[in-house]
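Working notes, beginning with the structure itself.
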Amino acid sequence: MKTVLMSNRADLKERWSEFKSENPKTRIRDAARELDTTEADLLATGLGDNIILLEGDFRELLKEVTSLGYVMALTRNDHVVHERKGVYENISFNNHVGLVLGEDIDLRLFLGDWKFGFAVHEGDRYSLQFFNSFGDAAHKIYLTEESNKEAYDALVEKYRAADQEAMALTAVKPEKKAEEQTADIDTAAFQAEWLTLKDTHEFFGLLRKYKLSRKEALRHAPEGYAYQIKPESMKAVFDAASETALPIMVFVSNPNCIQIHTGPIKKIFVMGPWLNIMDPAFNLHLREDAIDEAWVVRKPTEDGIVTGIELIDKEGVMFNQFFGKRKPGSPELAAWQELVDQAVIRK
């Protein structure tokens, strides 16, 4: 089996090398798509060179990331990249669900399908990169100039896989099914339960109970609790938050991780299809052309109404969420509600 894998990897390594020479600016995630492979498999072609395969309990490894000091956490999906600098603190796990609740690094981790881990050395950049069984990036941790490189080296050595050639090829990702419409919806009952929510997290259970997709749920929302806005509203929202220094919360998720920024945003600009936030400790890169639907969504909680903006792609997946800065037990900032009302463009 290993001989077959090594043969496949050698062929991919050659194709990857040719692709990089012809397309030096193409990012590895996009290159994987062009080469009909995965990002994890492309990285694996560097095993024995600039890539080290990691093994062991990733929960224990993550608990030790605190020792690296000030780093950059990166979580992304197909449409948005979230980069936040800080220290990994207050790390805890309940089975395969983890929390990182630092002042700057704020994560929800779902390690049930964290399949592969690598230490990656690219020029003067050092990172720890984790992937699911389909070869998609779950989460990445990059050293900064302020990081503890000795602690990084020790961590990599501790979790270095004994066999650097033993990594299997990634699994074939199942095709996404078209969104199915729920035949019968008890709209009155659904709306009544929406209005009695006590916590925003209860919303997921509500969707499951009524077997509703996110889009369907928003279309059946109680009057005034969800309305569609134009995708170009996001630039206006970012600009307004920047001008007023209003602290916001920015959520980016994939099946394996949710990463959250809380705080003000300042430098906003557009480059091609990307809407960017480029601040010293926080960067966001959002593909505006990936937004199929954008919604303002209001949910009742014990602390009052919580107002969010949700971005949904063509396949019905919510890939980006925005809120005003808020902690449980505290009401939402009135300034955030006002900003949303004034900045968004209704569809």
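The values are calculated or read from the model by the stated rules, or taken from the named source; none is laboratory data. Just so we're clear, the structure is a prediction, and the values are computed from it rather than from any experiment. Note that we place each Cβ from the backbone using ideal geometry, even for glycine, and neighbour counts take in every protein chain shown.
If you scan segment 45-71, which residues turn out to be of a type in the set (Ser, Thr, Tyr) and touching a helix residue (DSSP H, G or I) at 6+ places or on another chain (Cβ under 7 Å)? Give the derivation first.
We begin by selecting, within segment 45-71, every residue of a type in the set (Ser, Thr, Tyr); these are 45, 66-67, 70.
THR45, SER67 - these are the residues of segment 45-71 that are of a type in the set (Ser, Thr, Tyr) and touching a helix residue (DSSP H, G or I) at 6+ places or on another chain (Cβ under 7 Å).
If you scan segment 329-347, which residues turn out to be closer than 16 Å to GLN228 by Cα and either among the β-branched types (Val, Ile, Thr) or free of Cβ contacts under 8 Å to residues at least 12 places away in the same chain (or both)?
VAL340, ASP341, VAL344, ILE345
Determine, yes or no, whether GLU103 is modelled with pLDDT under 95 and within 21 Å of GLN259 (Cα to Cα). Explain how you work it out, then say what you get.
Details: modelled with pLDDT under 95: yes; within 21 Å of GLN259 (Cα to Cα): yes.
Yes.
One line per residue, one yes/no per condition, for (1) closer than 19 Å to ASN77 by Cβ; (2) surrounded by fewer than 17 Cβ atoms within 10 Å (Cβ to Cβ); (3) of a type in the set (Ser, Thr, Tyr):
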{"position": "GLY272", "(1), (2), (3)": "yes, yes, no"}
{"position": "LEU284", "(1), (2), (3)": "yes, no, no"}
{"position": "ILE291", "(1), (2), (3)": "yes, no, no"}
{"position": "VAL306", "(1), (2), (3)": "no, no, no"}
{"position": "VAL317", "(1), (2), (3)": "yes, no, no"}
{"position": "PHE323", "(1), (2), (3)": "yes, no, no"}
{"position": "ALA334", "(1), (2), (3)": "no, yes, no"}
{"position": "GLN342", "(1), (2), (3)": "no, yes, no"}
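Could you check ARG9 against (1) at pLDDT 95 or above; (2) assigned to a helix (DSSP H, G or I) and say which number it fails?
Condition (1) is where ARG9 drops out.
Consider segment 64-98. How many of its residues are under 21 Å from ASP30 (Cα atoms) and charged (D, E, K, R)?
Applying the first criterion (under 21 Å from ASP30 (Cα atoms)) to segment 64-98 yields 73-83.
Then keep just the ones that are charged (D, E, K, R); that gives 76, 78, 83.
Number satisfying all stated conditions: 3.
Could you tell me whether segment 262-269 includes any residue that is surrounded by fewer than 18 Cβ atoms within 10 Å (Cβ to Cβ) and either without any contact (Cβ under 8 Å) to a residue 24 or more places away in the chain or not assigned by TED's automatic domain parsing to the domain that holds LEU206 (or both)?
Checking segment 262-269: at least one residue is surrounded by fewer than 18 Cβ atoms within 10 Å (Cβ to Cβ) and either without any contact (Cβ under 8 Å) to a residue 24 or more places away in the chain or not assigned by TED's automatic domain parsing to the domain that holds LEU206 (or both).
How many residues does segment 44-69 hold that are modelled with pLDDT under 95 and either closer than 22 Å to SER133 by Cβ or charged (D, E, K, R) (or both)?
Residues meeting the conditions: 5.
Could you list all residues from segment 76-88 that are more than 21 Å from ASP289 (Cβ to Cβ) and in contact with a Leu (Cβ under 9 Å, 6 or more places away or on another chain)? Steps first, please.
Within segment 76-88, the first condition is being more than 21 Å from ASP289 (Cβ to Cβ), and the residues that meet it are 84-88.
Residues satisfying the conditions are ARG84, VAL87, TYR88.
Would you be able to tell me the number of residues in segment 305-347 that are part of a loop (DSSP other than H, G, I, E, B) and touching a Phe, Trp or Tyr at 6+ places or on another chain (Cβ under 7 Å)?
In the first step, residues of segment 305-347 are kept if they are part of a loop (DSSP other than H, G, I, E, B); the result is 313-317, 325-333, 344-345, 347.
Of the ones still in play, those that are also touching a Phe, Trp or Tyr at 6+ places or on another chain (Cβ under 7 Å) are 313.
Adding up the residues that qualify gives 1.
Limited to segment 84-98, what total is found for residues that are under 18 Å from LEU74 (Cβ atoms) and of a type outside the set (Ser, Thr, Tyr)? Can you show your working first?
We begin by selecting, within segment 84-98, every residue under 18 Å from LEU74 (Cβ atoms); these are 84-89, 91, 98.
Next, from what is left, pick out any that are of a type outside the set (Ser, Thr, Tyr): 84-87, 89, 91, 98.
Of the residues in that region, 7 qualify.
Mind checking which residues of segment 135-183 are at pLDDT 80 or above, in a loop (DSSP other than H, G, I, E, B) and over 27 Å from the mean Cα position of the chain (by Cα)?
Hits for segment 135-183 are ALA162, ASP163, GLN164, GLU165.
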